[in-house]
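The values are calculated or read from the model by the stated rules, or taken from the named source; none is laboratory data. This one's a predicted model, so the numbers in the text were calculated from it and none came from an experiment. Virtual Cβ from ideal backbone geometry, glycine too; neighbours counted across all protein chains shown. In case anyone asks, the SASA skips ligands and DNA or RNA and just uses the protein heavy atoms, side chains included. Shrake-Rupley method; radii C 1.70, N 1.55, O 1.52, S 1.80 Å.
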Amino acid sequence: MSQFELKDEQNHPRTQVPEFTQIVEQSLSRRRFLGGAAALGAVAFFSASPLSRAMAAATGRSPLLGFDAVPASTADAFVVPPGYKAERLISWGDPLFSNVADFINGGGNSAADQLGQFGDNNDGMSFFPVDDSTAILAINNEYCNYELMFPHQGKQMTAADVKKAQAAQGVSVLTLKKTADGWRFAKDGKYNRRIHANTPMAIGGPAKGHALLQTSADPRGERALGTFNNCANGMTPWGTYLTCEENVNGYFGSTGQAEITPAQARYGIGTEDAGWQWHPFDERFDLAKYPNECNRFGWVVEIDPKDPSSTPIKRTALGRFKHENAELVIDKDGHVVVYLGDDERGEHLYRFVSDGKFNPGNPDANRDLLDKGTLYVARFNAAANNGELKGKGEWLELTFGKNGLTPENGFNSQAEVLIHARLAATQVGATTMDRPEWVAAHPTEPVVFCTLTNNKNRGVKNNQPVDGPNPRAENHYGQILRWQPANGRHTAADFDWDLFLLAGNPTVHQNSLYAGSANINADNMFNSPDGIGFDKAGRLWIQTDGNYSNQGDFAGQGNNQMLCADPATGEVRRFLTGPIACEITGLTFSPDQKTLFVGVQHPGEDLAGSHFPLGGDSTPRSSVMMITRKDGGIIGA
Ligand code: FEO
Ligand code: CA
Ligand code: CA
Ligand code: CA
């Protein structure tokens, strides 16, 4: 999210439940939801329903979760369970090279400094082992907090300030060295690299060269400049990093006469930017001068972290939208499957299936697997009549010439289907979702989870039916969706789905879906699940980007946090809490599962009073934290 959109999210007042919501609550009470027959029960799946098992879990501790829960917190601190240790790996502004300036509190660094420093608002990240004592950590830098980045708090932007903001986003690639004290960042390490909003990139896949990607600076439509608003991520088994461009629309605007097309409007692009103020100082972002530049963003970008001189490639076959993460699995037959969320209220959930097959013996043969394949979008059936929150669903193909994706409906090529993937999804009848955020596939079972973070617009008035996996109007708590592909095949045409949990507040709401599912209680409640990921043992880690007011609907939930769930029993336990006004986002493990890297994003946004991580009167800084156990054990066990 941009800071500007976050305000919109968090000031959402919830006073009274509207009438149609009450109807939903009556017909689909919490009790009925939880008491229903085994969810996904028709198929053998962890041998029993997670929701029915969630009831059992209330009486005993999950064998998978071995740590003591931490309480909700409003402290300006990063709190981990007893027996665990948290250390700071790196923070916004720390130099990657010894010839770069240190961070200066209060926004004193220049754009040139920022180009060699760790970027701002770290988000998704992946750990790449190199050898026993060396590793690479690739980390997204999503956006900036102007109120912390500039002495004028963004109120008197200059061209130099815009360059600094552009330098603070993208990706930071870090060399890590293993020491007697654990993993440490290596300044001047050979893999250290900053990728930012002006880094040259190649465009790959079916949209490469299309007229809609051509600009006066790149008349061939094959070379883009930079990446920004890099939200979540993915990694491939051939050793590359995937960084996903999310709210790119907010960087474009126009001071002149720009004609906004319906397609641009669907992507949130208009003459008013989101407040970033790039277009008055960098004409590339002025829609009147560069009407196609915006089409060159909103993609998944593949980066080779082991080669600092490599050119990142925008993989257009994966579609253009507000990408969250890119969860990549290899199907049994070798096809590469990538699950992709489009994080906007009422947008969709996607799947890419490669034409080619993964070749484990020859990494180079896999280099362009993400350029050729088929994109699909999900349609979910309504919930079953008895009110159980489960059902069936199917993947609808987004291929030019099929399913109405034809010239009569405004699609003239596969490139156009991909550049305007949202419009194509609507054309084929995809389900509108409650903001699909991260997708995570179980490490051993063919089952996939997706966070639907919240959706204040859900309801009949916005033509977003309260149904299927989106069962609550004015959904300000979020839920975690789960599906099992038919026959255990990620390439299958259809799937069974249910909800792994409904976040809620059982201390504020009783006997309604707003209380949350049975595995949510006063001790583990939270709102707005966002980052998720599995460890090797199948623990599901859940991070939140929610309302941290600790009031009203959110009373008792405290600061943003990270929880851990056992997918088999449904138990959810709070693992850590973050500092004031932060989001917890980004997670990756060392291969031995003994170090967990977690991101603290925008502590103290909107001048909320945090001084994390260094305390005193220091400027709050997004940071990557390293968590280990004092006894050297497996995280979470
Ligand atoms: Fe950058 Fe959808 O979160
Ligand atoms: Ca955020
Ligand atoms: Ca997110
Ligand atoms: Ca979010």
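Within the option set 575, 612, being among the aromatic types (Phe, Trp, Tyr) and not in a strand (DSSP E or B) holds for one residue only, 612. Screening the range 578-594 for residues that are buried (at least 22 other Cβ atoms within 10 Å of the Cβ) and in a loop (DSSP other than H, G, I, E, B) and picking the one that is nearest to ligand 2 (Cβ to nearest atom) gives 582. The residue of the range 405-462 that is nearest to ligand 2 (Cβ to nearest atom), among those that are farther than 21 Å from residue 351 by Cα and assigned to a helix (DSSP H, G or I), is 462.
If you go through the range 479-509 and keep only what is in contact (Cβ under 8 Å) with a residue 40 or more places away in the chain, farther than 16 Å from residue 338 by Cα and of a type in the set (S, T, N, Q), you end up with 479, 505, 507. The numbered conditions (1) in contact with a helix residue (DSSP H, G or I) (Cβ under 8 Å, 6 or more places away or on another chain); (2) open to solvent by 10 Å² or more (accessible area, probe 1.4 Å); (3) within 16 Å of ligand 2 (Cβ to nearest atom) are all true for residue 344 except (1).
For the condition open to solvent by 10 Å² or more (accessible area, probe 1.4 Å) and either more than 16 Å from ligand 1 (Cβ to nearest atom) or among the aromatic types (Phe, Trp, Tyr) (or both), residue 604 does not qualify.
So which strands (runs of 3 or more DSSP E) stay within the range 212-274 end to end and still have 1 or more residues that are of a type in the set (Asp, Glu) and within 16 Å of ligand 1 (Cβ to nearest atom)? Working first, answer last.
Details: elements: 223-225, 230-235, 241-245.
Of the strands (runs of 3 or more DSSP E) lying wholly inside the range 212-274, those with at least 1 residues that are of a type in the set (Asp, Glu) and within 16 Å of ligand 1 (Cβ to nearest atom) span 241-245.
Table: residues versus (1) within 26 Å of residue 249 (Cα to Cα); (2) in contact with a Cys (Cβ under 9 Å, 6 or more places away or on another chain); (3) of a type in the set (Lys, Arg).
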site	(1), (2), (3)
310	no, no, no
317	yes, no, no
324	yes, yes, no
328	yes, no, no
333	no, no, no
340	yes, yes, no
346	yes, no, no
352	yes, no, no
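May I ask you to verify whether residue 597 is open to solvent by 20 Å² or more (accessible area, probe 1.4 Å) and touching a strand residue (DSSP E or B) at 6+ places or on another chain (Cβ under 6 Å)? Answer is no for this residue. Residue 404 - would you say it is at positive phi, at pLDDT 95 or above and either surrounded by 17 or more Cβ atoms within 10 Å (Cβ to Cβ) or within 16 Å of ligand 4 (Cβ to nearest atom) (or both)? Against the criterion (at positive phi, at pLDDT 95 or above and either surrounded by 17 or more Cβ atoms within 10 Å (Cβ to Cβ) or within 16 Å of ligand 4 (Cβ to nearest atom) (or both)), residue 404 does not qualify.
Does residue 376 satisfy the criteria of being within 23 Å of the chain's Cα centre (by Cα), within 16 Å of ligand 1 (Cβ to nearest atom) and closer than 21 Å to residue 414 by Cα? Explain how you work it out, then say what you get.
Values: within 23 Å of the chain's Cα centre (by Cα): yes; within 16 Å of ligand 1 (Cβ to nearest atom): no; closer than 21 Å to residue 414 by Cα: yes.
So residue 376 fails the test.
Scanning the range 541-598 for residues that are under 24 Å from residue 172 (Cα atoms) and among the polar types (S, T, N, Q) yields a total of 9.
Of everything in the range 278-334 that is open to solvent by 10 Å² or more (accessible area, probe 1.4 Å) and of a type in the set (Phe, Trp, Tyr), the residue that is nearest to residue 146 (Cα to Cα) is 281. The residue that is farthest from residue 61 (Cα to Cα), counting only those in the range 542-558 that are within 16 Å of ligand 2 (Cβ to nearest atom) and open to solvent by 10 Å² or more (accessible area, probe 1.4 Å), is 549.
Condition check ((1) more than 16 Å from ligand 4 (Cβ to nearest atom); (2) in contact with a Cys (Cβ under 9 Å, 6 or more places away or on another chain); (3) open to solvent by 20 Å² or more (accessible area, probe 1.4 Å); (4) among the aromatic types (Phe, Trp, Tyr)) across all residues:
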| site | (1), (2), (3), (4) |
| --- | --- |
| 483 | yes, yes, no, yes |
| 491 | yes, no, yes, no |
| 495 | yes, no, no, yes |
| 500 | yes, no, no, yes |
| 514 | yes, no, no, yes |
| 525 | yes, no, no, no |
| 539 | yes, yes, no, no |
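Look at (1) over 15 Å from residue 321 (Cβ atoms); (2) in contact (Cβ under 8 Å) with a residue 60 or more places away in the chain; (3) open to solvent by 60 Å² or more (accessible area, probe 1.4 Å) and you find that residue 266 fails only one, number (1). Residue pairs whose Cβ atoms lie under 8 Å apart, sitting 6 or more positions apart in sequence or on different chains, and linking a residue in the range 518-538 that is closer than 17 Å to residue 576 by Cβ to a partner that is aromatic (Phe, Trp, Tyr) and within 16 Å of ligand 2 (Cβ to nearest atom), are 530/438; 531/438; 532/438; 533/438. In this structure, does residue 356 turn out to be part of a loop (DSSP other than H, G, I, E, B) and without any contact (Cβ under 8 Å) to a residue 40 or more places away in the chain? So residue 356 does not fit the description; no.
Here's the yes/no breakdown for (1) in contact with a Phe, Trp or Tyr (Cβ under 8 Å, 6 or more places away or on another chain); (2) among the basic types (Lys, Arg):
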{"position": "441", "(1), (2)": "yes, no"}
{"position": "457", "(1), (2)": "no, no"}
{"position": "472", "(1), (2)": "yes, yes"}
{"position": "476", "(1), (2)": "no, no"}
{"position": "480", "(1), (2)": "yes, no"}
{"position": "486", "(1), (2)": "yes, no"}
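Is it true that some residue in the range 362-370 is within 16 Å of ligand 2 (Cβ to nearest atom), open to solvent by 30 Å² or more (accessible area, probe 1.4 Å) and of a type outside the set (Lys, Arg)? No; the residues of the range 362-370 include none that is within 16 Å of ligand 2 (Cβ to nearest atom), open to solvent by 30 Å² or more (accessible area, probe 1.4 Å) and of a type outside the set (Lys, Arg).
Restricting attention to the range 139-167, the residues that are in contact with a strand residue (DSSP E or B) (Cβ under 6 Å, 6 or more places away or on another chain) and among the hydrophobic types (A, V, I, L, M, F, W, C) add up to 1.
Of the residues making up the range 485-509, those that are of a type in the set (A, V, I, L, M, F, W, C) and in a loop (DSSP other than H, G, I, E, B) number 4.
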